[in-house]
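Only one structure is covered here, and it is reproduced in the block below.
The values are calculated or read from the model by the stated rules, or taken from the named source; none is laboratory data. All values reported here derive from a predicted model rather than from experimental measurement. With ideal geometry, Cβ positions are generated from the backbone for all residues, glycine too; neighbour counts draw on all protein chains shown. Areas reflect the complete protein model, heavy atoms only, side chains present, ligands, DNA and RNA absent. Shrake-Rupley method; radii C 1.70, N 1.55, O 1.52, S 1.80 Å.
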Amino acid sequence: MALNLRQKQTSCIIRMLNLNHQPNPGGATTSAGSATEEVYKILVLDRFCRDILSPLIHVKDLRKHGITLYFVIDKERQTVPDVPAIYFVQPTTVNIGRIVADTARGLYESFHLNFSSSLPRPLLEELAAGALKADAVGRISKVYDQYLEFVTLEENLFSLAQRDIYVQLNDPSAGDQEIEGILEKIAGGLFCVLVTLGVVPVIRCASGGPAQMVAAALDTRLREHLVTKNNLFSESGALVSSFQRPILCLFDRNFELAVGLQHDWSYRSLVHDVFDMKLNRVSVQGDKSPVKSYELDDSDPFWVSNCWSPFEKIALEIDAQLNKYKQDVEEVNRRTGGQKGAEFDGTDLIGNTKHLMNAVNSLPELTERKKLIDKHTNLATVLLGEIKNRALDSFCSLESEMSSKGSVDKNQLISQLKDKGTKEDKLRLAITYLLSVETTPQSELESIEAALRESDVDTCAFQYVKKIKSLNLSMNSAVASASKSNIVDWAEKLYGQSLSAVTAGMKNLLSGARQLALTRIVEALMEGKPNPEVDSYLLYDPRAPRSGTGAQVKGPFKEGIVFMIGGGNYVEYRSLMELAQRSQPTKHIMYGTTEILNGVDFVRQLQVLGQKMGLGSSSINPSQLAV
């Protein structure tokens with residue numbers, strides 16, 4: 001059983017685009033006399049569902065499935081008679097209102113309604129009442145719950161695209177009901193992932209905090225669903241043994257806070273950090289060239305082969321690819337009588353007609369290779385400029401030293417905070433230092449804060465992490481001020497014992513082999529053997545009776561899903577993929593998160609929390625969070 005989420009989600013979307021029928025394997029035709037006549041359709045999306053489709057199906061590929069036009073639901077649209085419309089939207093009151101208005105106007109011949117998750121009963125009744133009142137019931141052909149409310153970026157990487165979850169869960173002013181609503185939404189997104197995969201996993205998490213709350217909510221939702229006849233897991237789950245079932249490991253961001261802030265030296269992480277990669281797409285502004293947009297996904301062989309390489313190897317690989325391309329061009333020109341060293345553009349194909357056809361056939365492949373070389377040359381060139389301007393190599397080196405040794409030369413640290421780098425770079429370095437050692441003298445903290453202020457850096461985020469770290473020392477204090485007691489109560493309510501992981505910080509972050517604590521815990525959970533680090537982890541088995549011990553499903557597991565609540569990153573993703581590859585036999589691990597964040601995104605969320613707690617001086621508003 002392979003957990004190929006990207007393939008399964010793509011199959012579901014393609015079926016939806018074919019009016020929820022299996023597409024014709026041979027492809028539909030437009031001839032009137034043929035067995036299958038192609039149906040031309042219009043696709044209407046909200047912005048969230050547009051993001052779901054973006055990494056999976058390109059606009060040019062929509063035509064293959066009969067989609068001639070696509071629109072965003074909140075834009076004004078013209079009537080297109082005699083054409084069916086496929087709606088793919090989130091089940092919200094606003095979207096239901098727009099759908100009812102569209103049916104009342106008769107914008108399209110028929111309406112095939114697809115919701116990204118389960119349509120709640122009140123909204124279904126609102127849809128029915130609105131359509132009945134507009135006398136448009138006959139225009140609504142079908143209503144489907146698709147359970148696709150997540151974004152699959154790669155075969156083993158997905159995001160629920162739920163923004164600012166870390167801020168929402170850590171907001172000291174958040175009420176119990178608000179927190180529960182957020183955690184239920186996360187559980188709902190994970191339920192969609194499991195439905196698409198067709199698996200009911202064994203769930204493990206630490207005791208206390210958001211991870212346990214999500215685990216309990218998901219367990220309850222799965223149990224309630226499994227007792228219904230012909231449920232969504234009927235075809236896949238009944239005969240699957242415990243050994244074949246995957247394990248779902250839930251963590252919250254405070255488990256390893258510093259990983260979300262670290263600078264990393266791999267090509268992928270640098271691209272994400274510098275270009276703010278979203279949905280596998282980046283926009284690059286060169287010195288004298290206009291802004292160019294690039295897609296970086298599994299359709300790019302250079303990216304697939306080199307995205308995890310350290311940056312210094314990228315230039316060497318680009319040079320090797322370019323030399324190979326030039327050799328192949330010269331070989332084609334030599335065989336066809338062209339000029340040695342000429343750029344291959346198809347105009348020099350004269351002479352030896354024996355090789356003419358082969359040369360013509362090789363033109364698209366060579367052209368595509370040249371495009372890839374040019375793309376990554378441009379990316380690497382701009383990256384190199386940013387590395388020099390921001391001294392990113394120095395930040396990476398210092399943070400790596402902190403993570404491996406638990407200490408760093410203080411003079412070097414202060415010097416870097418006063419030298420090159422953006423304000424966010426310096427803040428990330430300072431917080432990484434704060435988390436890298438268990439105790440920091442007050443004089444050192446003051447000198448770091450002074451260096452940050454000298455560089456005009458807002459210290460809200462630094463003050464927030466310092467405050468959270470100090471809470472561990474005051475947790476057991478019987479005497480505290482009223483304001484501090486409130487914060488402590490909030491922290492205990494949300495995190496329980498998982499808050500202590502913040503204090504450990506970078507000490508547990510990396511071993512000498514650069515293995516994250518997250519990866520170490522996941523490895524132990526998948527092994528299923530007695531281990532002091534994970535023996536206290538809770539176990540939920542939605543298929544077992546509530547009174548059962550669950551001891552028979554503790555492992556080992558061949559497949560695992562690791563989910564980070566509060567924002568994930570490519571450093572953790574890489575570490576887990578390396579674990580899967582080095583395991584014997586090879587394991588299959590997927591990584592998911594509420595949203596993919598780079599260091600700048602995450603430090604801005606910490607800034608907002610610092611502001612909400614009244615720490616430091618901040619001019620950042622929650623609306624300024626990266627989106």
Open item on the list: Could you check region 168-207 and list, in sequence order, the residues that are in a loop (DSSP other than H, G, I, E, B) and either touching a Cys at 6+ places or on another chain (Cβ under 9 Å) or over 15 Å from residue 566 (Cβ atoms) (or both)?
Closed with: 172, 173, 175, 198, 199, 200, 201, 207
Task: Pair list, Cβ under 8 Å, 6 or more apart: region 141-156 residue on the phi > 0 side of the Ramachandran plot, other residue open to solvent by less than 40 Å² (accessible area, probe 1.4 Å) and of a type outside the set (A, V, I, L, M) - done: 147/116; 147/117; 147/191; 147/192; 147/196
Task: Filter result (part of a helix (DSSP H, G or I), open to solvent by less than 10 Å² (accessible area, probe 1.4 Å) and β-branched (Val, Ile, Thr)) within region 569-611 - done: 603, 608
- [ ] Residue by residue through region 271-326, note down the ones that are of a type in the set (A, V, I, L, M, F, W, C), assigned to a helix (DSSP H, G or I), surrounded by 13 or more Cβ atoms within 10 Å (Cβ to Cβ) and out of contact with any strand residue (DSSP E or B) (no Cβ under 8 Å at 6 or more places or on another chain).
- [x] 274, 302, 303, 304, 314, 315, 318, 322
TODO: Would you tally the residues in region 146-181 being charged (D, E, K, R) and surrounded by fewer than 16 Cβ atoms within 10 Å (Cβ to Cβ)?
DONE: 4
TODO: Quick one: in region 414-454, of everything that is closer than 20 Å to residue 393 by Cα and outside any helix (DSSP H, G or I), which residue is least open to solvent (accessible area, probe 1.4 Å)?
DONE: 421
- [ ] Only one of these is open to solvent by less than 10 Å² (accessible area, probe 1.4 Å) and either modelled with pLDDT of 95 or more or under 17 Å from residue 277 (Cβ atoms) (or both): 550, 566. Name it.
- [x] 566
Task: Selection count, region 102-132, where residues are more than 20 Å from residue 191 (Cβ to Cβ), in contact (Cβ under 8 Å) with a residue 24 or more places away in the chain and surrounded by fewer than 18 Cβ atoms within 10 Å (Cβ to Cβ) - done: 6
Task: Test for residue 251: is it at pLDDT 95 or above, part of a strand (DSSP E or B) and within 26 Å of the chain's Cα centre (by Cα) - done: yes
TODO: State all residues of region 146-178 that are of a type in the set (Ser, Thr, Tyr), more than 17 Å from residue 461 (Cβ to Cβ) and within 18 Å of the chain's Cα centre (by Cα); if no residue qualifies, say none.
DONE: 147, 152, 159
